Amino acid sequence: MSACKQHRASFAPSFNKSLVPFSLIHSDVWGPSRAMSVKGHRWFVTFIDDFSCATWVYLMKDKSEVFS
């Protein structure tokens, strides 16, 4: 079994910081994963609040579910 690594790209520092919760939300869609969840999910979308760094992750069976 081989070990896999995920590399993260570096971003330039941002000086535009949100001053109140939920005024700026970052999101990203990832997939399809080679491994499927028990319920058949291969994709996920993340939402991150810029102010608090609170993070929500939603699993999806298909990428088209991101808009719903």
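Report the extension gain between Ser68 and Thr55 in nm, rounded to one decimal, defined as 0.36 nm multiplied by the number of residues separating them, less their alpha carbon distance.
Stretched out fully, the Ser68 to Thr55 stretch lengthens by 2.9 nm.
Please state the shape class of the chain: rounded when a/c is under 1.5, otherwise prolate if a/b exceeds b/c and oblate if not, all from the C-alpha gyration tensor.
Cα axes put the chain in the oblate bin.
Expected output is a single nm value to one decimal: the length gained when fully extending between Ser18 and Phe47, i.e. 0.36 nm times separation in residues minus the C-alpha distance. What is it? Display every interim value, and only then the final one.
On the way: separation 29, 0.36 × 29 = 10.44 nm, distance 1.48 nm.
Length gained, Ser18 through Phe47: 9.0 nm.
What accessible area per residue, rounded to a whole number of Å², is obtained for the chain using a probe radius of 1.4 Å?
92
Kindly rank 12-25, 37-50, 55-68 from highest to lowest mean number of other beta carbons found within 10 Å of each residue.
37-50, 55-68, 12-25
The values are calculated or read from the model by the stated rules, or taken from the named source; none is laboratory data. Owing to the predicted nature of the structure, the values given are computational and were not obtained by experimental measurement. Neighbour counts are summed over all protein chains in view; Cβ atoms, including those assigned to glycine, are modelled from backbone coordinates with ideal geometry. Side chains included, ligands, DNA and RNA excluded: accessible areas come from the protein's heavy atoms. Shrake-Rupley method; radii C 1.70, N 1.55, O 1.52, S 1.80 Å.
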